[in-house]
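Reviewing the structure listed below.
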Amino acid sequence: MVEAEGVDAITVSAYHETGQGKLHSESNIPHIENAHLPAAAKIRSEVNIPVIALGRVEAHTADRVIGKGEADFIAMGRKLLADPHLPNKLLRGAEDEVRPCIYCYTCVSAIYGGTHTRCAVNADLSFEYQRPVAKAAPKRILVIGGGPGGMESARRLADLGHQVTLVEKSDRLGGTLRFAALAYEPNERLLNWLKRGIEESSVDVRLNIEATPALVAELKPDDIIVATGAVRGMPDLPGSDLPHVYSGDDMRKLMLGESSDDLRRKTGLMTRLATKVGAMTGATANLDLVRKATHAWMPLGKNIVIIGGELVGIELAEFLHERGRHVTIVDEAPRFGKGLTLVRRMRILAELQEHGVAMQMGASDIAVTADAVTFTDAQGNPHQVAADHVIVAKGAEGDMRLGEALKAAGHKVQIIGDATGIGYIEGAMRGAFEACAAITA
Ligand code: SF4
């Protein structure tokens, strides 16, 4: 027994899968929830010294595992980076107040890159000394855009005692984070945490409202934050106007029960009906329900080609593969996964490869036909891949027009998030932190 050798405790921090052609193992930072708990329980049953388990264990699971005697302690690393107040919140019984880790590996990747660690959802990490602070005189602040950057800005400023109005042109908060949450469930935890923060704050939320000059004149804000996100155009691609070709925006609307002239033109009666019923009953507003329902039915054929190998295309490929689609990703880029952090990129690309998702990097002459996508691969060989549907997951870019127009009209404006260029969740949260620091300086 290890106790006899003078060992005081055991930390079960890695469980390596072997064989079966796996391209990576679950390390001390597993992506699979509770990956090391079975090993910890087995060791705990054999020893009489404390066993410390770890690795993506949620608080309620930790409570259960310790209660059953399958571990004595659960260590949490990433969760404490995302919310250093986690222990106090759990002690108060307020698990839903804990800012959730989204398992994106920005923190770990930063260390691999030799820089200070950062957290995608907690912009204070490593920048505590720049944290926005409360000033004596509250300001009137207008936040335009209800995505993650807008919500985080509004929440922070209201906490500091400012009078905040948040306007959002659609009928709900979330912005592109809603679609990101559909493709990758941990993002939904962040979405819910942000929405909860807004609900419990003094922020005046106005939905279905465009930020017009008249509204700005009425509100007379001291400062404005513009968090209106990116614009998404369809890249110039032969065949991109065919009816089975969806843009990223089309896909978002299709999955979230929204509509547009473009989408009505491209979808059949059955799909339009299902989308309408989903929107009317509120079913498409329930992301968990949509995630589950799409395992049974989606208005997409068996063979899907995704044009675009950046974060959105890669996570979409994972989502579609899990729903039984045969997926091929094609892009001109020589490397896939732009926008994903180093560790997440390594893992997801390896997993897609293990699961048979075809990835064609460095492709050229990409074109869409009625039933296929044609291209030349990096070695100069021509290809034709069958495609029932084609999804173009690229072409998004920043849009500073509104922010610049407000500046030109004499307002004090901070432009943040994807409106300044695609920065994903970390960019949105970081932008909110910096805008709030500037406003409260
Ligand atoms: S950077 Fe990502 S993985 Fe790391 S603690 Fe923050 S949310 Fe979690």
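The table for this structure:
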| read-out | value |
| --- | --- |
| Selection count where residues are touching a Leu at 6+ places or on another chain (Cβ under 8 Å) and not hydrophobic (A, V, I, L, M, F, W, C), scope the range 199-245 | 5 |
| Selection from the range 387-441 of residues that are in a helix (DSSP H, G or I), in contact with a strand residue (DSSP E or B) (Cβ under 6 Å, 6 or more places away or on another chain) and β-branched (V, I, T) | I439 |
| Every residue from the range 133-148 that is away from the ligand (no atom under 16 Å from the Cβ) and within 24 Å of L177 (Cα to Cα) | I141, L142, V143, I144, G145, G146, G147 |
| Test result for K42, part of a helix (DSSP H, G or I), within 16 Å of the ligand (Cβ to nearest atom) and charged (D, E, K, R) | no |
| Residue count for the range 393-410, restricted to those that are of a type outside the set (A, V, I, L, M, F, W, C) and either in contact with a Pro (Cβ under 7 Å, 6 or more places away or on another chain) or within 26 Å of L237 (Cβ to Cβ) (or both) | 6 |
| Test: M429 is at negative phi and surrounded by fewer than 23 Cβ atoms within 10 Å (Cβ to Cβ) | no |
| Qualifying residue in the range 109-124 (condition: within 25 Å of R56 (Cα to Cα) and away from the ligand (no atom under 16 Å from the Cβ)) | yes |
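Throughout, read-outs are computed from the coordinates displayed, never taken from laboratory work. This structure is a prediction, so every number in the text was calculated from the model and none was measured. Cβ: placed from backbone, ideal geometry, glycine included. Neighbour counts: every protein chain shown.
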